[in-house]
Amino acid sequence: MNGWISKYVLLLSGVGISYLGNWIYLIAINITILNLTGSAAAVAGLYIIKPIALLITNFWSGSVIDRVNKRKLMIIVDIVRGILVFCIPFVGFLWGIYGLIFLINIVGAFFGPSSAVYITKLIPPERRQRFNSMMSMTNSGAFLLGPAISGILIMYVGTELCIIINAFSFIVCAFFIFLLPDVDEETGEVREPIKWKTLLKDLKAVVDFSKRATFFITVYLLFQIAMLIGFALDSQEVTFIKQNLELSERDYGLIVSITGIGALLGGSVAAVLSKKIQLRFYIGGGILLSSVGYVMFYSSFNFISATFAFVFLGFFMAFANTGYATFFQNSIPVDLMGRFGSIANMVQGLIQIGFTLLLGLTSEWFSLQIVCLIFASVGTLIAAILFSIFLFSEKAKFDKEQSNAFTS
């Protein structure tokens, strides 16, 4: 038990520090771009860079991930990202910042799928839902502290130091991963070189799996579409708060910080109830109520209503993320997980680019609030369809396929 606790602490500590740095960075980079350009479209551009990078990288990154040592790859990725983020404050023009963020996301495309494989190998199936709840709680704690720290730092020293802190958080995360055990067995076999034929073979393996796992793919697509609509809406939150609600940068930081209370509470409750509530309610109920939270936020009219909506959203997003992570880990063969995750991220990138561009452009032509409310309502409808699938049409099948993630 002590061995498992030490692994949990190391992994959660490393990820938690990285999350904290990311939240400090997110507030700072949004404000930096908005102050530099004064354009909602320029801020939305930040949210398009990552999916573009994924499109370029993810067709082949999964083939690399499934063939190399995941722990070593995660360490290298974090160190490189830390160096690149450190350079951002020293670039004073928009396209230079965009270029660095693009490179950061190119490198970062390897981290998500490789960490998913690493965690799946490290954590036994019976502990995954509890661990994912703890991971969500760690993220929520960073969500709570990051914007508050960022707000204070921005107030007294500006955005540059916030970005540099994020750079160092990547290095610290790499150190904690270095202390974790290696879960990849060294077989001594010569690895197949990654050629065009290899990529096509890997793509066929993912397609064949997708054809067999129709229920998983249905859940995956509906969940991701609802989430990606939410991500597109995130690109307009700072603009909505500053321009529509006419609140200050300090108010923005405070709203996001208070939202962390809801997210932390949600993560805590999700961890406590992980053995009492079925996974279907974590995924379906969590994403539905999170989508409702977006509708509430873009319907808000002052600081209090906006804050309440974000707290509500943060609470239920913790359940959605926990449920989805467990569902993903339990549904995909671990030797295919890197390739599936990378190719799936590439498809998500296409969808996210479309959603974010459409939202950013239409918000320039029409009322930002009306456009965001329409998007949020569509996301809520899709989430409701997903929840109904869990409750009715695929109830027995879901129980059978996910039995190791459920308790009686």
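To the nearest 20 debye, what is the magnitude of the charge dipole of the stretch 1-142 about its Cα centre, counting +1 on the Cβ of each Lys and Arg and -1 on the Cβ of each Asp and Glu?
For this selection, approximately 460 debye.
Normalised by the residues of the stretch 247-313, what does the relative contact order come to in percent, with Cα pairs under 8 Å and at least six apart?
The normalised contact order for the stretch 247-313 reaches 50 percent.
How large is log10 I(q)/I(0) at q = 0.09, 0.15, 0.17, 0.20 Å⁻¹ when the Debye formula is applied to the Cα atoms of the stretch 1-157, each weighted equally and without solvent?
Summing over Cα pairs of the stretch 1-157 leads to -0.35, -0.94, -1.15, -1.39.
Which distance in nm do the two modelled labels at L94 and L36 give, with both placed 7 Å along the Cα-to-Cβ direction?
Spacing of the two 7 Å Cα→Cβ label points: 1.0 nm.
Over the chain, what is the relative contact order in whole percent, taking alpha-carbon pairs under 8 Å and six or more residues apart? Don't jump to the answer; show the numbers that get you there.
Values: 626 pairs, mean separation 114.3, N = 408.
Once divided by the residue count of the chain, the mean separation gives 28 percent.
Taking the structure as given and computing Kirkwood radius over Cα pairs in Å, which label from (1) 24.8; (2) 22.5; (3) 21.6 fits?
Label of the calculated value: (3).
May I ask you to derive the relative contact order of the stretch 1-134, considering only C-alpha pairs under 8 Å and at least 6 residues apart, and to give it as an integer percent?
29
With the calculation restricted to Cα positions, what are the radius of gyration and Dmax of the stretch 235-370 in angstrom?
Values for the stretch 235-370 (Cα only, Rg and Dmax): 17.2, 50 Å.
So which of K50/K211; K211/K275; K7/K70; K72/K201 end up more than 21 Å apart by C-alpha?
Pairs exceeding 21 Å: K50/K211; K211/K275; K72/K201.
So for the pair D208, F301, with labels modelled 7 Å out along Cα→Cβ, what separation do we get in nm?
Reported label-point gap for D208 and F301 is 6.0 nm.
For V91, V311, V256, which order do you get if you count the other beta carbons within 10 Å of each Cβ and list the fewest first?
The fewest-first ordering by Cβ neighbours comes to V91, V311, V256.
Quick one: order D202, D251 by neighbouring beta-carbon count within 10 Å, fewest to most. The partial results should precede the final answer.
On the way: D202 23, D251 17.
Arranged by neighbour count, lowest to highest, D202, D251 become D251, D202.
Given points 7 Å out from each Cα along the Cα-Cβ axis, report the W365 to I385 separation in nanometres with one decimal.
Result: 2.4 nm between the two label points.
Kindly put W60, W365 in sequence by how many other C-beta atoms sit within 10 Å of each C-beta, fewest to most.
Numbers: W60 20, W365 7.
So the residues, fewest neighbours to most, are W365, W60.
Counting only residues 5 or more places away or on other chains, whose amide H sits under 5 Å from the amide H of Q236 once H atoms are built in the peptide plane?
Under 5 Å from the amide H of Q236: no residue qualifies.
Report the charge-dipole magnitude of the chain in Debye, nearest 20, computed about the Cα centre from +1 at each Lys and Arg Cβ and -1 at each Asp and Glu Cβ.
Value, rounded to 20: 900 debye.
Counting helices only, and only those DSSP H runs with n ≥ 4, report the 222 nm mean residue ellipticity of the chain as the sum of -39,500 (n - 2.57) divided by its residues, in deg cm²/dmol to the nearest 500.
Per the formula, -27500 deg cm²/dmol.
Name the longest site-free stretch of the chain, where the excluded sites are GluC sites (Glu not before Pro) in a DSSP loop with no more than 15 other beta-carbon atoms within 10 Å.
Counting at most 15 other Cβ atoms within 10 Å as exposed, the longest clean stretch of the chain is 1-184.
Computed from the coordinates by the stated procedures, all read-outs in this text should not be read as laboratory data. What you see is a predicted model, and the numbers here were worked out from it, not measured in a lab. Here the Cβ is made from the backbone with ideal geometry for all residues, glycine too, and neighbour counts use every protein chain on show.
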